Amino acid sequence: DAGQKHFGAVMCKSCGMIYTAASPEDEAQHIQHHQRFLEGLRYVGWKKERVVAEYLDGKIILILPDDPKYALKKVEEVRELVDNELGFQQATLSCPGQSKTYMFVSNEKRIVGCLIAEHIRQAFRVLSEPTNQQKFENQELFEYHRAWRCTTMPEEAICGISRIWVFSLMRRKEIASRMVDIVRNTFMYGTCLSKNEIAFSDPTPSGKLFATKYCQTPNFLVYNFIG
Ligand code: ACO
Ligand code: ZN
C-alpha cells in the first residue's frame with residue numbers, strides 16, 4: 001500500500017514539488033506552483049543591493065525596512081512562498097517595520113534561502129526531551145508536530161529568527177548556517193552576537209534539528225509560541 005501511494009510520483013527538478021505525473025489535477029497543480037515559485041524566487045539584481053557576504057556558490061543580501069519599494073515587494077513575495085511552505089502557524093512579526101530580511105542568492109540568480117530577523121528582548125530555553133520521547137520523535141507521526149517544551153523563566157536575548165527557510169533542493173549545504181552566521185555578525189552594528197543571544201520563533205521539526213546542531217545544544221532559545 002505504501003508503495004502504491006507513491007506510484008508514479010515524480011519530483012520536479014526545478015521547483016522541487018513531488019506530484020503524480022499521471023494525474024491531470026496533480027499536474028495542473030504542479031504547473032501552477034511551478035510558475036509562481038520560480039517567478040517568486042527569481043532575483044534580477046538591484047543597482048543598490050546590500051551584499052553582506054559572498055561565497056563561491058552565491059551571496060547573501062540584506063534588505064531593510066526603508067529600502068526601495070521594489071526590494072520590499074520582493075521580500076513580501078518570498079515571504080509569502082515561505083509562509084505557505086511553513087504552514088502559517090508562524091506567529092506574525094512583532095514589529096514588521098523593524099525586521100531585517102536576509103536572502104541567499106545563488107549564482108544562477110535564484111533566491112534559495114531566506115531569513116527574517118527581528119529585535120526581541122527575551123526568550124526561553126528548550127528543555128531536553130526525556131529519552132523515551134526522543135525515540136518517539138523519530139517516528140513519522142511526530143515529524144509533523146511541534147514537539148518541544150521550554151523553561152518558564154525568560155532569558156535575555158537580542159535577535160529573533162522569525163523565519164528561516166532554504167529551497168528544498170538546496171538543503172544541507174550550510175546555507176542556513178551561513179545565513180545565521182551573517183545575521184549574528186550584522187544584526188547589531190559593531191558586535192557579533194553569541195549563540196545565546198539569538199532565538200528561534202516556534203521552530204518546526206527541521207528547524208529544531210537545525211538549531212540544535214547550529215547552537216551545539218538541544219537547549220537553544222525559542223520565542224513566539226502559543227501555550
Ligand atoms: N534533519 C536533520 N538535521 C538537519 C536538518 C534536517 N532536516 N536540517 C539541518 N540539520 C542539521 C544538520 O546537522 C546539518 O549539518 P549536516 O548537513 O552536516 O548534517 C546542520 O543542521 C546544518 O544545516 P544547514 O545545511 O545549514 O541547513 P539547511 O541549509 O539545510 O537549512 C532549514 C535548514 C532552514 C531548517 C531547512 O531544512 C528548511 O528550510 N526547512 C523547511 C522550512 C523550515 O522548517 N524552517 C525552519 C522553521 S523554524 C523558524 O523559522 C524559526
Ligand atoms: Zn516544477
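The values are calculated or read from the model by the stated rules, or taken from the named source; none is laboratory data. This is a predicted model, so every value here is computed, not measured. Virtual Cβ from ideal backbone geometry, glycine too; neighbours counted across all protein chains shown. Ligands, DNA and RNA are excluded from the accessible area calculation, which covers all protein heavy atoms including side chains. Shrake-Rupley method; radii C 1.70, N 1.55, O 1.52, S 1.80 Å.
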(message) Of the conditions (1) free of Cβ contacts under 8 Å to residues at least 40 places away in the same chain; (2) away from ligand 1 (no atom under 16 Å from the Cβ); (3) outside any helix (DSSP H, G or I), His34 satisfies every one except a single condition; which number is it?
(response) (3)
(request) May I ask you to list the residues in segment 50-89 that are more than 19 Å from Ile161 (Cβ to Cβ), open to solvent by 20 Å² or more (accessible area, probe 1.4 Å) and either touching a residue at least 24 places away in the same chain (Cβ under 8 Å) or not assigned by the TED database to the domain that holds Ser201 (or both)? (result) Tyr55, Asp57, Lys59, Tyr70, Lys74, Glu77
(request) Output the residue which, of all residues in segment 37-49 that are part of a helix (DSSP H, G or I) and open to solvent by 40 Å² or more (accessible area, probe 1.4 Å), is nearest to Lys69 (Cα to Cα). (result) Glu39
(message) Between a residue in segment 154-182 that is over 21 Å from Phe124 (Cα atoms) and more than 16 Å from ligand 2 (Cβ to nearest atom) and any residue that is outside any helix (DSSP H, G or I) and open to solvent by 20 Å² or more (accessible area, probe 1.4 Å), which pairs come within a Cβ distance under 6 Å, given they are 6 or more apart or on different chains?
(response) Ala176/Ile164; Ile182/Val52
(message) Out of the strands (runs of 3 or more DSSP E) lying entirely within segment 159-227, which hold 3 or more residues that are farther than 15 Å from Thr101 by Cβ?
(response) 198-201, 221-223
(request) Can you give me the number of residues within segment 188-226 that are more than 16 Å from Met153 (Cα to Cα), of a type in the set (A, V, I, L, M, F, W, C), open to solvent by less than 40 Å² (accessible area, probe 1.4 Å) and more than 16 Å from the chain's Cα centre (by Cα)? (result) 1
(request) Only one of these is within 24 Å of Arg178 (Cα to Cα), modelled with pLDDT under 95 and part of a helix (DSSP H, G or I): Glu25, Glu85. Name it. (result) Glu85
